[in-house]
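See below for the structure under consideration.
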Amino acid sequence: MNPEEFKLKTPGEVRVRIAPAPTGFLHIGTARTALFNYLFAKKHQGVFILRIEDTDPERSKPEFEKDILDSLKWLHIEHAEGPDVGGEHGPYRQSEKLDVYAKYLQKLLDQDKAYYCFCTKEELEAQKQYQMSIGQAPRYTGKCSGLSKQEVKQKLDKGEKPVIRFRVTPKKVKFNDMIRGKIEFDSALMGDIVIAKNLKEPLYNFAVVIDDFEMKISHVIRGEDHVSNTPKQILIAEALDLPQPEFGHLPLILGRDRSKLSKRHGAVSVNQYKEEGYLPEAMVNFMAFLGWNPGTEREIYTMPSLIKDFSIDRIQKGGAVFNHQRLEFLNAFYIRQKSIEKLTELCLPYFIKAGLIEKLKNNPHPPDPETLQLFKDGEKPEFRIKQTQEVISLETLKKIVSLYQKRLKKLSDILELTSFFFKDKIKHEKDLLKWKGMTDKEVVMSIDNLNKVLSRIKPEDWNRENLEELLTPIAEKFGQKIKGVGDRGYTLWPLRVALTGKQASAGPFEIAEILGQEKTLKRLQEVKELIK
RNA sequence: GGCCCCAUCGUCUAGUGGCCUAGGACAUCAGCUUCUCAAGCUGGGAACACGGGUUCGAUUCCCGUUGGGGCCA
């Protein structure tokens, strides 16, 4: 840890925040910003705050706010203050404090640090075009900046709709970015900026300054897309004589084409990943390494270890491409770490939602979102396979899941991989049954042989160990007989394909055990008829 | 267009002037294992954008070029 980081300009408590607008589902980039803020707060025994920036009533929706809350909770990025949990520096929704903004706006107006501007969109547009044509930065020329009180009143009385502009003092605005170091802007290039549509409708750059002050935010850690907002906010805070927070700008998450990650790159909301069956621990581990690394070769990090090793001065400056394959790798890794009980509980909703199984009446509890515990202790839940109406125990489901644990990249993969267990009839491709160029006749011979052997097994002896012990020598002998080599494939491959219908699957013994003797024989029979 | 930021394998990155014959991870390729697919193990290929300086010595420092990105409307 670099001690530099602890030199906090504003001594006292570390208070950080994320401030998403509830105009869409929680974006992966916002989640990553939240994570870094959270880690920074935890690292410094500080407070992580959630603020909802819902000043745009058109686009802000309660369901999006809910999604933000739910997704953060799912990721275990917990805020100590926010719209749902409250806090002494609230309200935490911008829409609930419009009078506060109005107060500061009025103050600026009274001190003539801001003024009403009546220029029309058309005027402004024409001006901008002109400025750009002569190679200048487009900025407001200050046409209305000299309007007298009477003129303003007249225009107001006439019903003209003004905006409120902030007088930008031309100067070099400097700040020391926690991640990037010194950054300097020439505010003369900005022109007077619009800070509100009117007293009741503050705009982003203004509202942020007020909120961050009111919430006593010590460090503003946000995406790089905000760097050019920073000087504006510094100037506004200065005009209001407010203390400046520290700023840190995170590199952006990029899509494959290296532009800012957005919907056109695919799934970007946290809830989409959740639904597809990505684990929160994988998401967190993955997001943390998008622009940060511990400087060691360790790659696996859970939240507690991240908190321990996180340091803001190890954050990268350049944007990071979202590497989906790496997310999958991490997700598969965390899936493999799960206990079979836990993993089964995680998979059950997928089976149920897909209509493969249904719950029997004796376990009506909805899953506990905290523990993901689907059942109360001591309860023996049972399920029914929808297609066959057979009862299937949790134990059996656990066996199924455990067979495929190593093959799951995401939870939803379980459906495609295991659906053959839940189907009455499965589709077979005749040629798939042939191992190394077997003929139809040889396949039938193999199946007859299997039939003979398997039907003789006593029901109580039907388990994986016995099947393997019995079938292995038989398979070798069969290979020897038809091809002169002890290749078990001539028996085991047709068996496996007969049971699963698939080119790739878990092994035939464990599958046969789960399917049971009756179904195993039935599937062999079906395959035989297919060939004839 | 203006301003700001950035630049090591395909991707995420280690590297803070000599430990660099540039390390790790994902991906990829080959092999082992094997009835298949996974998982696992072993091994291979793969990068310092370019040009100038500074220096005994630059991936590392400075300048420029190029490239990429962000913001502004």
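Separation of the range A:112-182 and the range A:495-532, taken as the distance between their Cα centroids, equals 75 angstrom. A helix-only calculation puts chain A at -13000 deg cm²/dmol for mean residue ellipticity at 222 nm, using -39500 (n - 2.57) for each DSSP H run of at least four residues, averaged over all residues. Isolated cysteines of chain A, defined as having no other cysteine beta carbon under 4.7 Å away, are A:CYS119, A:CYS347. Of the beta bridges in chain A, as assigned by DSSP with both residues counted there, near 65 percent are antiparallel.
Counted residue by residue at 0.36 nm each, then reduced by the alpha carbon distance between them, the extension gain from A:ARG167 to A:LYS308 reaches 46.3 nm.
Full extension of the chain between A:LYS427 and A:LYS477 gives 15.1 nm of extra length, using 0.36 nm per residue less the Cα-Cα distance. Quick check: from the Cα gyration tensor, does chain A come out rounded (a/c under 1.5), prolate or oblate? Judged from the Cα gyration tensor, chain A comes out prolate (a/c at least 1.5, a/b above b/c). When each of the peptides A:48-55, A:159-166, A:273-280 is scored by the mean number of other C-beta atoms lying within 10 Å of its residues, the order from highest to lowest reads A:48-55, A:273-280, A:159-166. Label sites at A:ASN293 and A:THR23, each approximated as a point 7 angstrom past Cα along Cα to Cβ, lie 3.6 nm apart.
For the pair A:LYS317 and A:ASP461, label points projected 7 Å from Cα toward Cβ lie 7.4 nm apart. With contacts taken as Cα pairs under 8 Å at a separation of at least 6 residues, chain A carries a relative contact order of 11 percent.
Read the figures in this text as sums done on the coordinates, not as results from a lab. Quick caveat, the model's predicted, so the values are computed rather than measured. Note: ideal-geometry Cβ built from the backbone for every residue, glycine included; neighbour counts use all protein chains shown.
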